[in-house]
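Student: Let me begin by handing over the structure; questions about it come next.
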Number of protein chains: 2
Amino acid sequence: MVGALFQPCGNSTVQLSCRSDLRRSPLPSKLTTAAQITRAHSSSWASLQADIEAHLKQAIPMKEPLVVFEPMHHLAFTAPRTTVPALCVAACELVGGHQDRALPAASALLLMQAVAYTHEHLPLTDRPRPKARGHHEYDPNIELLTGDGMIPLAFELLARSDVPTRVDSDRILRVMVEISRAVGSEGLVKGQYRKFVRTQLDGEANIKAEVEKGEGGMHACGAACGAVLGDGSEEEIEKLRNYGLYVGMMQGMMRGAENAEKGLKKELEEIRKVALGELEFFEGRNIEVISRFIDV
Amino acid sequence: MVGALFQPCGNSTVQLSCRSDLRRSPLPSKLTTAAQITRAHSSSWASLQADIEAHLKQAIPMKEPLVVFEPMHHLAFTAPRTTVPALCVAACELVGGHQDRALPAASALLLMQAVAYTHEHLPLTDRPRPKARGHHEYDPNIELLTGDGMIPLAFELLARSDVPTRVDSDRILRVMVEISRAVGSEGLVKGQYRKFVRTQLDGEANIKAEVEKGEGGMHACGAACGAVLGDGSEEEIEKLRNYGLYVGMMQGMMRGAENAEKGLKKELEEIRKVALGELEFFEGRNIEVISRFIDV
């Protein structure tokens, strides 16, 4: 149940009525700060998220010029949280890697999702259906530029991560390709395109396709990156990639669903079974933390 | 004189009257296509640029879904050209590396500058001084998303570049950090912030500071990356970084200057001397191509 903390709609019952959320954003839309998580729970989930944010705080120090770093800090830490970064760390630990190895990638994933959220809420003059956030903390030009600065920073965190944690360079390059594809034009951006084109044409939502590139693809990427950085075998990496995909798809579909959709509960239960099936491969290891990601 | 082809204002005399250009954008604002360059000149300059664009064309194939790849293709190849990518390749060759090693980095730099140009011309609702391009080929939402997809692609090109060209992974990671810093919040984005804040406050232009982060920083980065990938020594890398900085600063200052500024010509001549001084280190090698970058 702790997993629900990372979700925008509270718990699974409420989430089923949150279809409008999917239309607005592939990312959760309610803010949940790390502090809130930490106060409410002392579970390993909260601890993972807190570790990631502590790592990121060091990477984005509040230094001069504040006009540059203050908005970056703000947007990174107030954008809605997802379970993707924590899943990355959990996957790394499951295959035997120390969490330090996964923290730069987890931070990079957090930054990437913060940029997607920020840019999706920019007030462009001809947004077909303006997605006004209640309040823009900064001038939109600054938010646009800040996002543009955060994407390279995410890759920089990864590029610099080989020194202290001794992950070999080839694994880092592989993770970069994974993240680039998950967030880029073949991944998250493609999902956003689809959604944009659909809203323009007032078309029928292909929720599964959007969710596959959105929550599904990002969670698959997070889990695979964690396994790569934890020095997992190819089979472990693929099992965890599949598990992540199912976790993300369940989250996305629940957010996109309406209570009226009778068939959904059954479909989700099927996905849940397949997802847990992927974890059977890790029999004998401690799957307690990672298996909670499915319980949203 | 071939270098002038990469410049928006034709030749140095005209450039001196183009101060308004610097106010609009840190990047050249007149479109010069590779085809035009190739038709007009068969020099090694044109050849370098053509090689980079050929490499990039392979990296961004026109494939389905066209809604994703067509805008990416368009924005990458119609954004104003700069001398940064060609300088990267020239620096690689100067230190003895094959140009293949530098092409992914040169392509990444071209993409990064295309994103900066695209995002700088998005019609945000509260741009203090709207920078309307004559015509937006695509819906601004698509242009925003395309840019967001192009930055990860740039890093992906680099991350994948270790296999065929046998550049070692550590050098690629180093180049990623170089590029991230040059385009990110400590570099190009910082220059754009400065300019944005200045235009908001109607402040006095600190052209040198803007140019140092803009054209200067990007050329320094391009030259340093080329030298790193060409397996240059630390001393060679730093000499070429300095040379690139001067080349970029000269270009930016000329574009930002007015004919009335009597002192400028002398200042530029000083920078030119110092820049060529950096190349003395490479005595005995063929500096013909790289030394042309200063003759803009």
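Student: What's the extension gain from A:Asp231 to A:Gln58 if we count 0.36 nm per residue and subtract their Cα-Cα distance?
Tutor: The span from A:Asp231 to A:Gln58 would gain 59.8 nm if fully extended.
Student: Further, regarding this structure: Give the A-B buried accessible area in Å², both sides summed, 1.4 Å probe, nearest 100.
Tutor: Roughly 4400 Å².
Student: Between copies, how far does the label point of B:Glu283 sit from its twins, in nm, shortest first, when each point is 7 Å from Cα along Cα→Cβ?
Tutor: Taking the point 7 Å beyond Cα along Cα→Cβ, the inter-copy spacings are 7.4 nm.
Student: Measuring from a point 7 Å out along Cα→Cβ, what nm distances, shortest first, does A:His98 have to its partners in the other copies?
Tutor: Label-point separations across copies, in nm and ascending: 3.9.
Student: For segment B:167-247, I need the span (max minus min coordinate) of the C-alpha atoms along each principal axis, in Å, sorted largest to smallest.
Tutor: If we take the Cα atoms of segment B:167-247, the spans are 47, 22, 11 Å.
Student: Which whole number gives the average count of other chain Cβ atoms within 10 Å of the Cβ atoms across peptide B:185-193?
Tutor: Numbers: counts 13, 7, 2, 4, 11, 5, 0, 6, 9.
Rounded to a whole number, the mean comes out at 6.
Student: Also, I was wondering about something else. Expressed in nm², what is the orientationally averaged projection area of the convex hull enclosing the Cα positions of segment A:44-124?
Tutor: Mean orientational projected area (segment A:44-124, Cα hull): 5.6 nm².
Student: While we're on this one: Rounded to a whole number of µm²/s, how large is the Stokes-Einstein D of segment A:216-289 at 10 °C and 1.306 mPa s, given Rh as the Kirkwood radius over C-alpha pairs?
Tutor: On the way: Rh = 12.9 Å.
Estimated via Stokes-Einstein, D reaches 123 µm²/s.
Student: Taking a label point 7 Å from Cα toward Cβ, how far is A:Val197 from its twins in the other copies, in nm, shortest first?
Tutor: For A:Val197, the other copies' label points sit at 4.1 nm, shortest first.
The values are calculated or read from the model by the stated rules, or taken from the named source; none is laboratory data. What you see is a predicted model; the values in this text were computed from it and never measured. Glycine also receives a Cβ, built like all others from the backbone with ideal geometry; neighbour counts cover every protein chain displayed. The accessibility values were calculated without ligands, DNA or RNA, using every heavy atom of the protein model including side chains. Shrake-Rupley method; radii C 1.70, N 1.55, O 1.52, S 1.80 Å.
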